[in-house]
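Novice: What follows is a single structure, and I will ask about it in a moment.
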Amino acid sequence: MEINPVKGTHDIIGEEADLYDDIETAAKLTADVFGYKEIRTPIIEHSPLFVRSVGESSDIVTKEMYTFLDKGNREITLRPEMTAGALRSIVTNKLYVSNDLPLKYFYLGPCFRYERPQAGRYRQFHQFGIESVGVKNAYEDAEVIILGKRFLENIGLNNVKILINTLGDQISRSNYKAALKEYFAKHIDKMCDDCKRRFELNPLRILDCKVADDKPFIEDAPKMKDYLTTEAKSYFEEVISLLKMNDIEVEIDDTLVRGLDYYTGVVFEYHNNSENDIGALGGGGHYKNLLKEIGGPDLEGIGLAFGIERLVYVVKNNLGDKISHRGLDLYIMAMNKEAIDASFHIKDILRSYGLSVDGNNESKSFKSLFKIAVRKNTKFAIIIGEDEIKEGRLTVKNLKTQEQTSIKVDDAADILLTMVENYMENEGK
Ligand code: AMP
């Protein structure tokens, strides 16, 4: 009996995996130029880590966590996001003692949420994110938002809208929550069950409700900007003016609260500017209490995370047929048993020069080998037949120009390396 993949999971194969790899490479390079180092934390953590950080009123904790008891009866959760693990690691390893602040880390890897699968929404998905911990000012906040924008540009996404809001400081937030509570008390019985729960736990979360019938109540709700203290207001304005200084346009969205409870201060999201919106490409925000909440010192931070699946979706849509499929440098067409024998060693030598090489290990016709070479998006086909064996030479065919040359086996590696380099140069790569 065939075993199906788990609902909400997907296989990433071949050319699509190349696209993931390209995006992940761009992510690493972007993080690197902004001075971020990688942090790799376990996929499994003790469940209370997420309950305490992501928060009891979040959808993630209330209904989306993959939680189980291990054989030692410990409650374990597959990470639904990566900030909590990164911060736990900062505490575990006391990274704030041995390193200069802010601590700047990036991460990449799979996350798990028991959500209803739909376009751009999976149960296992991948995130790229960063955390800057230990320095609180508008420069740090703005720089993180800029990093996200530059990353998107680096993967060719220029038509992106950045939504931004502030959840203010402690005083602003508690005044605002009280105002929301008073307002929603009049409407909550007509709203969805999730909102009823949010009303009790954290009325801010109601603003994140996606239920269409609840929208009118949310639109008319009090606005955060009317409850900001002077300090919180000027901090927010400073972040926006620092973004402007770097030619980054943002749109203020006063219903933006994000889905995680730990945010305080600035929150933001990146959206693809198209009709086909599959949800935020990424988002993040400032967090004041998170590190302390999980047992660390009283240091604030700011972070963001992108969903790789959504980025791949948009990049694929934008590129259409223009997606460059990574091919082979060389495909060795060995025309008989003797040629297969010879090519077996030649392939090993060519690979040691860093060339990507494939070829046949079983006899096939010239025509079918040629087709394989083309299908594999090969730069040069190398033909080894009876004559080539006799003369100690290889026939090299440029599959783009169809030009053919003959080279000595003994010089092959150096010559082919140069030929591949010239080929790439002509392609502008
Ligand atoms: P969050 O950790 O909720 O702030 O989400 C950050 C980003 O992760 C989102 O903007 C999405 O791009 C991505 N993401 C979150 N949940 C999912 C999911 N279930 N499937 C795919 N991507 C997701």
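The values are calculated or read from the model by the stated rules, or taken from the named source; none is laboratory data. All of these numbers come straight from a predicted model, not from anything done at the bench. For neighbour counting, all protein chains shown are included, and Cβ atoms are generated from backbone atoms with ideal geometry for every residue, glycine included.
Novice: Sort through Y114, Y139 and tell me the only one that's away from the ligand (no atom under 14 Å from the Cβ), hydroxyl-bearing (S, T, Y), surrounded by fewer than 22 Cβ atoms within 10 Å (Cβ to Cβ) and not in a strand (DSSP E or B). Spell out how you get there, then give the answer.
Specialist: Working: Y114 fails: away from the ligand (no atom under 14 Å from the Cβ).
The conditions single out Y139.
Novice: Could you tell me which numbered condition K210 fails, if it satisfies all but one of (1) at pLDDT below 90; (2) more than 25 Å from E81 (Cβ to Cβ); (3) over 22 Å from the mean Cα position of the chain (by Cα)?
Specialist: Just one mismatch for K210, condition (2).
Novice: G279 passes all but one of (1) within 15 Å of the ligand (Cβ to nearest atom); (2) within 24 Å of V135 (Cβ to Cβ); which number fails?
Specialist: Going through the list (1) within 15 Å of the ligand (Cβ to nearest atom); (2) within 24 Å of V135 (Cβ to Cβ), G279 breaks only (2).
Novice: State which residue is surrounded by the most Cβ atoms within 10 Å (Cβ to Cβ) when the search covers only the range 1-58 and only residues that are of a type in the set (V, I, T) and closer than 30 Å to K196 by Cα. First the steps, then the outcome.
Specialist: Step one: filter the range 1-58 for residues of a type in the set (V, I, T), giving 3, 6, 9, 12-13, 23, 25, 30, 33, 39, 41, 43-44, 51, 54.
Then keep just the ones that are closer than 30 Å to K196 by Cα; that gives 51, 54.
On the way: V51: 20, V54: 25.
The extreme case among them is V54.
Conditions (1) within 20 Å of R205 (Cα to Cα); (2) part of a helix (DSSP H, G or I); (3) more than 16 Å from the ligand (Cβ to nearest atom), marked per residue:
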{"position": "A26", "(1), (2), (3)": "no, yes, no"}
{"position": "L29", "(1), (2), (3)": "no, yes, yes"}
{"position": "R40", "(1), (2), (3)": "no, no, yes"}
{"position": "T62", "(1), (2), (3)": "yes, yes, no"}
{"position": "K71", "(1), (2), (3)": "no, no, yes"}
{"position": "P80", "(1), (2), (3)": "yes, no, no"}
{"position": "S89", "(1), (2), (3)": "no, yes, yes"}
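Novice: Which of the following residues is loosely packed, with under 15 Cβ neighbours inside 10 Å, more than 16 Å from the ligand (Cβ to nearest atom) and not polar (S, T, N, Q): K367, K316, K379?
Specialist: Details: K316 fails: more than 16 Å from the ligand (Cβ to nearest atom); K379 fails: loosely packed, with under 15 Cβ neighbours inside 10 Å.
Step by step, each of K367, K316, K379 is checked, and only K367 is loosely packed, with under 15 Cβ neighbours inside 10 Å, more than 16 Å from the ligand (Cβ to nearest atom) and not polar (S, T, N, Q).
Novice: Show the residue pairs that are 6+ apart or on different chains and have beta-carbon atoms under 9 Å apart, the first residue being within the range 277-306 and assigned to a helix (DSSP H, G or I), the second being near the ligand (Cβ under 8 Å from one of its atoms).
Specialist: These pairs meet every condition: L290/T83.
Novice: Further, regarding this structure: Given K367, K390, which one is within 19 Å of D341 (Cβ to Cβ) and either free of Cβ contacts under 8 Å to residues at least 12 places away in the same chain or among the aromatic types (F, W, Y) (or both)? First the steps, then the outcome.
Specialist: Details: K367 fails: within 19 Å of D341 (Cβ to Cβ).
Checking each option against the conditions leaves just K390.
Novice: Only one of (1) free of Cβ contacts under 8 Å to residues at least 12 places away in the same chain; (2) part of a helix (DSSP H, G or I) fails for K210. Which number is that?
Specialist: (2)
Novice: Criterion first (in contact with a strand residue (DSSP E or B) (Cβ under 8 Å, 6 or more places away or on another chain), buried (at least 18 other Cβ atoms within 10 Å of the Cβ) and of a type outside the set (D, E)) does I252 satisfy it? Full working, then the answer.
Specialist: On the way: in contact with a strand residue (DSSP E or B) (Cβ under 8 Å, 6 or more places away or on another chain): yes; buried (at least 18 other Cβ atoms within 10 Å of the Cβ): no; of a type outside the set (D, E): yes.
No, not satisfied.
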